[in-house]
Structure formats: structure tokens, C-alpha cells
1. Taking the condition under 19 Å from the mean Cα position of the chain (by Cα) and more than 21 Å from Gly26 (Cα to Cα), does Ala122 pass?
2. Looking at (1) under 21 Å from Val140 (Cβ atoms); (2) open to solvent by 90 Å² or more (accessible area, probe 1.4 Å); (3) part of a loop (DSSP other than H, G, I, E, B), can you tell me which one Glu230 breaks?
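The values are calculated or read from the model by the stated rules, or taken from the named source; none is laboratory data. All of these numbers come straight from a predicted model, not from anything done at the bench. We place every Cβ from the backbone using ideal geometry, glycine too, and count neighbours over all the protein chains shown. When the accessible area is computed, the model is the full protein with side chains, heavy atoms only, and any ligands, DNA or RNA have been set aside. Shrake-Rupley method; radii C 1.70, N 1.55, O 1.52, S 1.80 Å.
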Amino acid sequence: MARIIVVTSGKGGVGKTTTSAAIAMGLAKKGHKTAVIDFDVGLRNLDLIMGCERRVVYDFINVINGEASLNQALIKDKNCNLLYILAASQTRDKDALSQEGVGKVLDELSRDFKYIICDSPAGIEKGAHLAMYFADDAFVVTNPEVSSVRDSDRMLGILSSKSRRAEENKEPIKEYLLLTRYSPERVKLGEMLSVDDVQEILSLHLLGVIPESKSVLNASNSGIPVILDEKSDAGQAYVDIVARYLGENKPHRFIDDKKGFFGKLFGGK
């Protein structure tokens, strides 16, 4: 059976889709057959970040409605043969998603895939609830700012009470923290929360810290998951996150300001 991972947050714009694309690619590159699903019906973005927007013929809603088979809708990634993308619909609204329909798609995917990544929309509306309902693991993505962390704390309550695992009295969803757009320099200046501050509020296992990096935007604009840019700090951070999730012991990088005088003088990625 597949392991279903939801990438979620309370607030929009924190990097969920960037994270979903990077984690899915990282798992596939490690040799695990992986599918990534865009649950943000009406605001499709995952296919852009994966660079496959021109190849979308059928989408998630077409499969749920029986208008296309799952095999017709899945798009094989151009960079990795073990990675497949299921795009969201741009022309339907979120009411087109149903718990029964989503469950059937996930059950079918589970027969053939090791990992299924659910890229959740922000907030607590229907698409977000269905993205997390069937999850085994949750990657809670937050920025180091009070409003983002507060909204993520609210999502933890929903994850613990409104999932299938909670309803069936099974082992709870495993929750992991991913802290994005982190800048040690700004933490020192008191402009953002530290890692310790965030962990004190959320009390989650820290899976990784992704530093503020221009490479994230560059990768998104190029249609390539940033994890493939292994020269960038953000790409390396996602490589470490995948390794930790798979059980490897990796020290946390990018938490402290490592730049010396010359690094600060000449900048860095």
C-alpha cells in the first residue's frame, strides 16, 4: 500500500506547491514510484511548477466524474520516469471534489505507487479537507511569522480530529514541520521567528528548514522542481528533507548564519 502524504498549511503563499513538487521529485529520484496530485481546483499551479502544463488533457475532476481513466489523466514527468502528476481542473469549482471520488482515485493509485503526495490548497475549505482526510503523513509548511504559524496551529487541530484515521480510531497522522523562507540574519534582527520559537508554538518534529532563496522562484519560472537545482541552498535543503523522511540521519543546515565577512560582502545563493 502507498503512503499518502498531504502538504498543508493554514495560510496561502508559504510554498506548499513548491514543496509538493520537490518532495515528489526527491522520492522518485530515490527510486520510489510517486504520484503528486493538485487538489487546488480552479487555481491549478502544480503543473506549471512541474513544467507539464501543455500536456494536461484530462484532470483530477475528469477522473472522479468518470470522464477519463486515471491512466489517461496521469502525466509522466519529463525528468524522472518514476514520477507522475495528476493536475487539478481550472474550469470547475471545489464542490466537484467528493470524499467518495477522492477515495476511489487514491485507492487506485495505491495499488501501483509507493508514495502519493497531495498538494493541498490553503485554508480549511473542502479541497483542503479532502486533501488531508486520507493522509498517513502531513508535512505542515509554514513561514517564520506569527500569522503563518498561528494558522498552521489551527490546521493541526483539524488534522488530529477530521481525518479518516481519527474517525476510525487508528494511529494518528504523523505530522512534520517544514519551515520555509527562513533567514538567520533576519532572525537575529528580530524580523522573524526563530526555529525554536516556531517549534515551541507547534511542537512538531522538524523535518527541515528551507532558506530564503531566489532559486525557488527561478525554478518555478523554469518549470523545474527546485530540488533538481542541487547547487542552490533551497535545492539542498529539500534533498536533506527527503533523506530525513526516508530515515537517514542528516544534520540540519541553513538554521544558523554561516556567512563570514566575505560571504556577507559578496552575497550568496
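1. Details: under 19 Å from the mean Cα position of the chain (by Cα): yes; more than 21 Å from Gly26 (Cα to Cα): yes.
For Ala122, the condition - under 19 Å from the mean Cα position of the chain (by Cα) and more than 21 Å from Gly26 (Cα to Cα) - is met.
2. (1)
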